[in-house]
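The values are calculated or read from the model by the stated rules, or taken from the named source; none is laboratory data. It should be emphasised that the depicted structure is a prediction, and the values quoted were computed from it without experimental measurement. Here Cβ is always computed from backbone atoms with ideal geometry, including for glycine, and neighbour counts include all displayed protein chains. With ligands, DNA and RNA removed, areas are computed over all heavy atoms of the protein, side chains included. Shrake-Rupley method; radii C 1.70, N 1.55, O 1.52, S 1.80 Å.
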Amino acid sequence: MKDETIEKVRAETEHWGYMDQLPEEWHGFHLDRTVSVGKDTYDLCRYENKDRHTSVILYFHEETHEYKLRLKIGLIEFCRIEYITAGLESFEHLLRKQLESLLMDMETFNPKTLSSIVSDKKITEWALGRELPEELEGFSLFIRPAQPVKINNGSYIVVDYVDFSLESSFTLYYNIYRDEFFAEARIWNIPDVNYDFDSNELPELEEKLHQRLLPRLQEIRKRAETEAANKKEAVKGKSES
């Protein structure tokens, strides 16, 4: 991030009264006021629930010169487009109106956050969704179909199996605009996409999960563990040279 941008944001937010009024603990989240400057982001603060692996981050984005809010849910991080604003005053106005309800919805599932299309698809009532194992190939069921999580561009996370120790996961999404289920893996938090789970209806998806979920999780684990071993070997080689 450019020095002039850092100074601009620092000057605008240094005496931001709203920040001083934020509760230290709010609906299960702890306020971390640590400023973090990245390649093109200036993180002002974050509300974090470490046990739930969820965070809400307030930040300034240098590329667009806008104040924004992003969520981190498990390994998935995304900007909530409803909070994008050009100035601090309008950003504060949105936060005062909506931040608490956002935290509440992240703490406790709110069915009202679901699109009627998701409800009509019967995802929350899906029998297989209720039968998914809590643990599978060392991955924990982090998000389940009974409680889908809304992200961006009309997509919802329907299933998320995560191994946080390897920063690796298998995530199943549903997109309301395409009326399509699709999946993505993360291997050390790097997306890895295939089209093996693309489906339009739950029976079709169910068949593919029966056939392909276990092999896919085994593949993700193997690749993540191999990469971890390679990194460890590389570090060892450097220390010995």
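List of remarks:
- Between GLU204 and ALA11, the modelled label-to-label distance comes to 5.6 nm, taking each label 7 Å out from Cα in the direction of the beta carbon.
- Of all accessible heavy-atom area on the range 76-156, the percent that carbon and sulfur account for (1.4 Å): 49 percent
- Helix runs (DSSP H) in the chain reaching 20 Å along axis by Cα, Kyte-Doolittle at least -0.5: 88-107
- Averaged per residue, the chain has 54 square angstrom of accessible surface, using a 1.4 angstrom probe with ligands and nucleic acids left out.
- Placing dummy labels 7 Å off each Cα toward the beta-carbon, the span from VAL235 to SER90 is 4.5 nm.
- Dipole check for the chain: with +1 at the C-beta of Lys and Arg, -1 at the C-beta of Asp and Glu, and the Cα centre as origin, the magnitude is about 240 Debye.
- Annotation: peptides 128-139, 182-193, ranked by per-residue average of other Cβ atoms within 10 Å with the highest first, follow the order 182-193, 128-139.
- Pairs of Cα atoms farther than 27 Å apart, the chain, %: 45 percent
- Sequence of TYR174, TYR195 when ordered by accessible area, the most exposed leading, probe 1.4 angstrom: TYR195, TYR174
- Each label was represented as a point 7 Å from its Cα along the Cα-to-Cβ direction; for MET1 and ASP43 these points are 1.1 nm apart.
- Cα centre as origin, Lys/Arg/Asp/Glu Cβ charges: the range 19-106 dipole, Debye: 200 debye
- One chain, two ends: TYR195 and ASN152. Fully extended at 0.36 nm per residue, the span grows by 13.5 nm beyond their Cα-Cα distance.
- Placing a label point 7 Å from the Cα of HIS65 along the Cα-to-Cβ direction, the residues of the range 1-40 with a backbone N closer than 17 Å are 1-13, 40.
- Residues ASP43, ASP20, ASP32, sorted by accessible area with the largest first, give ASP20, ASP32, ASP43 [1.4 Å probe; ligands and nucleic acids excluded].
- Stretch gain in nm, segment LEU22-LEU214, where the contour uses 0.36 nm per residue and the Cα spacing is subtracted: 64.7 nm
- Extreme residue, positive dipole direction of the range 119-241, given options VAL235, TYR161, THR171 (C-beta unit charges): VAL235
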